[in-house]
Amino acid sequence: MADGNILAPFQPKNHDHAKCVAEAIAIAEIRCARDGRSFTPLRRRVLELVWSSHGPVGAYGLLDALRAERRGAAPPTIYRALDFLMGNGLIHRIESLNAYVGCGSPDNHPEQHHGGQFLICGDCGSVAELDDPAIARTISTRAKALGFHVESQTIEVTGLCPRCAGTAESGARHAP
Ligand SMILES: [Zn+2]
Ligand SMILES: [Zn+2]
Ligand SMILES: [Zn+2]
């Protein structure tokens, strides 16, 4: 069961990232078609840009990238597209960084909105996504004991990814 809770692991440096992007787009197409929502070229492009890496991207970084391609792209253009992608469970907002990251596994979520636990590398910005019900249950139980009603649970944990910590099997940054 352990691995079932890992929606997005840390990726090795030399993985086939084009495949990650292609999969994210394919899932978005299927999901939008299923839900009768229009996956416009703009929404698709913004999703691709969010998926430019496994790290969070800020709205203004997205805007700069989009402006290079589309004249007249303005902040509302980006925010509307981001709202659409979030509303369909395709990306997450990392509040602590005021930035967005692609959902590691929108397929695994029958419901469109899910919280989850994000491990964020403070060095390279890579993000891993977990969805461990045991963590969520513990928080709910503790909150309930305090009479607190939980509305959403998104946990952002900062640290170092295996590559930056030098514990990755390949491509360790810190040579002995
Ligand atoms: Zn990738
Ligand atoms: Zn997710
Ligand atoms: Zn890192």
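The values are calculated or read from the model by the stated rules, or taken from the named source; none is laboratory data. Since this is a predicted model, take the numbers as computed values, not measurements. FYI the Cβ positions are ideal-geometry reconstructions off the backbone, even for glycines, and counts take in every protein chain you see. Ligands, DNA and RNA are stripped out before the accessible areas are found, and what is left, the full protein with its side chains, is counted by its heavy atoms. Shrake-Rupley method; radii C 1.70, N 1.55, O 1.52, S 1.80 Å.
Assorted remarks:
- Pairs with Cβ under 6 Å, 6+ apart, first in segment 51-69 and open to solvent by less than 20 Å² (accessible area, probe 1.4 Å), second in a loop (DSSP other than H, G, I, E, B) and away from ligand 2 (no atom under 16 Å from the Cβ): Gly55/Gly125; Leu66/Ala73
- Matching residues, segment 29-52, being modelled with pLDDT of 95 or more and within 16 Å of ligand 2 (Cβ to nearest atom): Leu47, Val50, Trp51
- Filter pass, Asn5 being at negative phi, surrounded by fewer than 18 Cβ atoms within 10 Å (Cβ to Cβ) and in contact with an Asp or Glu (Cβ under 7 Å, 6 or more places away or on another chain): yes
- Every listed requirement among (1) modelled with pLDDT under 95; (2) within 16 Å of ligand 3 (Cβ to nearest atom); (3) closer than 17 Å to Ser105 by Cα is met by Met1 save one, (2).
- Test: Leu97 is within 16 Å of ligand 3 (Cβ to nearest atom), at pLDDT 90 or above and either open to solvent by less than 70 Å² (accessible area, probe 1.4 Å) or of a type outside the set (Val, Ile, Thr) (or both): yes
- Scanning segment 134-170 for residues that are open to solvent by 60 Å² or more (accessible area, probe 1.4 Å), in a strand (DSSP E or B) and not hydroxyl-bearing (Ser, Thr, Tyr) yields one hit, Val157.
- Taken over segment 1-48, the criterion of being among the polar types (S, T, N, Q), closer than 30 Å to Ala165 by Cα and more than 16 Å from ligand 1 (Cβ to nearest atom) is satisfied by Asn5 alone.
- Residue in segment 10-24 that is out of contact with any Ser or Thr (no Cβ under 9 Å at 6 or more places or on another chain), aromatic (Phe, Trp, Tyr) and open to solvent by 30 Å² or more (accessible area, probe 1.4 Å) present: no
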